[in-house]
1. Loop by DSSP (not H, G, I, E, B), at most 12 other beta-carbon atoms within 10 Å: where is the longest site-free stretch of the chain for trypsin sites (Lys or Arg not before Pro)?
2. If you rank Ser49, Ser27, Ser88 by fewest surrounding Cβ atoms within 10 Å, what's the result?
3. May I ask you to sort Cys64, Cys46, Cys21 by Cβ crowding, counting other Cβ atoms within 10 Å and putting the fewest first?
4. Which aspartates and glutamates does Lys103 reach when only Cα atoms under 17 Å apart count, and residues fewer than 8 places away in its own chain are ignored?
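Bear in mind these aren't lab numbers, they're just calculated from the coordinates by the rules spelled out. Values in this document were obtained by computation on a predicted structure and should not be read as measured data. Reconstructed Cβ throughout: ideal geometry from the backbone, glycine too, with neighbour counts over all protein chains shown.
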Amino acid sequence: MGTARKDVVYLSGIGGNDLLCTTQIRSEVRIDDRLISLLFHVVPDCNISDPIIIGRDIFDLGLCVKIDNDNLVIYAKEQSNFCNKAVSLDFNQIDTDLEGRDKEMLISI
């Protein structure tokens, strides 16, 4: 279920207007193998044409949304750790048009 809240919030971008929302429900939702706490804003049916609207803030949680003709799927974004392995570079071997002091300044960055 979830925990009801009665905060006064103005939602923007719904129907081109700001919408006053006075009821929210915080609920734990399982997406893939992650348990995520989401805040659902409850608005009157007359203000939206669809049963649910997903805000952009879901992307801040590391989630992606895939939509096709019949489905909406929310899934965890694959994480890529490109910086796990340290690579030793010899900056003096980098081919550049810079020479002398200019090359030294570039390497020092």
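1. Details: sites that count: Lys6, Lys77, Lys85.
Looking at the chain, 7-76 is the longest stretch - no exposed trypsin sites (Lys or Arg not before Pro) with at most 12 other Cβ atoms within 10 Å.
2. Working: Ser49 8, Ser27 14, Ser88 4.
With the sparsest Cβ surroundings first, the list reads Ser88, Ser49, Ser27.
3. Values: Cys64 13, Cys46 7, Cys21 17.
Listing Cys64, Cys46, Cys21 from fewest to most nearby Cβ atoms yields Cys46, Cys64, Cys21.
4. Straight-line reach from Lys103, under 17 Å: Asp90, Asp95.
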